[in-house]
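The values are calculated or read from the model by the stated rules, or taken from the named source; none is laboratory data. Bear in mind that the values here come from a model prediction, so they are computed numbers and not experimental data. Every residue, glycine among them, receives a Cβ derived from its backbone with ideal geometry; neighbour counts consider all protein chains shown.
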Amino acid sequence: LLGTVTPFCSCSSIPLFIGFTSAGLPLGVTFSFLISSPMVDLGSLVLLMSIFGAKVAFAYVIVGLIIAVIGGTFIENLHMEKYVEDFVKNASRVDISSPALTKKDRVQYAKEQVMGTFKKVFPYILIGVGIGVIIHNWIPETWIESILGSNNPFGVVLATLVGIPMYADIFGTIPVAEALLAKGAQLGTILSFMMAVTTLSLPSLIMLKKAVKPKLLTLFIAICTSGIIIVGYLFNIFSAIFI
């Protein structure tokens, strides 16, 4: 749940994951945060509602949380602590007293945070809109339908694999998702693409590789990929309920 209220992309979530792990939080808890933070965002919920409707938006948030909880629980039960790099486990812990903030200080801090988030997110929205424009205006509808449409039983798998090398936060994927929906791609396939981009982007995996050993990294990728693909097919099967 903490991940849903933090507007971080996958790369921004990794330093927090390292900090939580260094502070002694259970590994399953920190991995649940690492999955939910980039995948689910309350700000994006509003945008998802405007494009897909309230049912799809809330269902997306719920399944994202389910993947995060199941993934974290699975990792916790396997006791994978030994596969965390030593510099994370042995990081020094420093207790710093929090300064007293006046109401004016809090407003100023909130303003700085808003501007920082806006500056970080805005470029990815523009990139997402640009990709969406290309898909909407130049890529033939038949291509989208043949690759990601109902006639291709592997559309969800392909969308997930295509999304992994890309990098964007949830805001950046929404314009692309809207363009794919207009071109006839299936709902579950589109949501799988969004989840793969936000959770398993290649830059974030490269960063995470510095903090965990290959076996734990592989397990994380396998859990997320499996969950995303399952969710995609379920959305495709029951899409009539949401549309």
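Observations, loosely collected:
- Here Val46 passes the criteria (1) free of Cβ contacts under 8 Å to residues at least 60 places away in the same chain; (2) farther than 18 Å from Phe220 by Cβ; (3) under 14 Å from the mean Cα position of the chain (by Cα) except the one numbered (3).
- For the range 164-208, filtering for residues that are part of a loop (DSSP other than H, G, I, E, B) and either within 15 Å of the chain's Cα centre (by Cα) or not polar (S, T, N, Q) (or both) leaves 11.
- Exactly one residue out of Val197, Val212 is among the β-branched types (Val, Ile, Thr) and touching a residue at least 60 places away in the same chain (Cβ under 8 Å): that is Val212.
- The range 34-61, residues that are surrounded by 24 or more Cβ atoms within 10 Å (Cβ to Cβ) and closer than 10 Å to Gly3 by Cα: Leu34, Ile35, Ser36, Ser37, Pro38, Met39, Val40, Asp41
- Of the residues making up the range 5-18, those that are surrounded by 14 or more Cβ atoms within 10 Å (Cβ to Cβ) and assigned to a helix (DSSP H, G or I) are Ser10, Cys11, Ser12, Ser13, Ile14, Leu16, Phe17, Ile18.
- Scope the range 14-41; condition polar (S, T, N, Q) and either in contact (Cβ under 8 Å) with a residue 60 or more places away in the chain or farther than 19 Å from Leu205 by Cα (or both); matching residues: Thr21, Ser22
- When we screen Gly71, Gly64 for residues that are buried (at least 19 other Cβ atoms within 10 Å of the Cβ), at pLDDT 90 or above and more than 16 Å from Ile18 (Cα to Cα), the only hit is Gly71.
- The sole residue among Ser239, Ser192, Ser201 that is surrounded by 19 or more Cβ atoms within 10 Å (Cβ to Cβ), modelled with pLDDT under 80 and either of a type in the set (A, V, I, L, M) or out of contact with any strand residue (DSSP E or B) (no Cβ under 6 Å at 6 or more places or on another chain) (or both) is Ser201.
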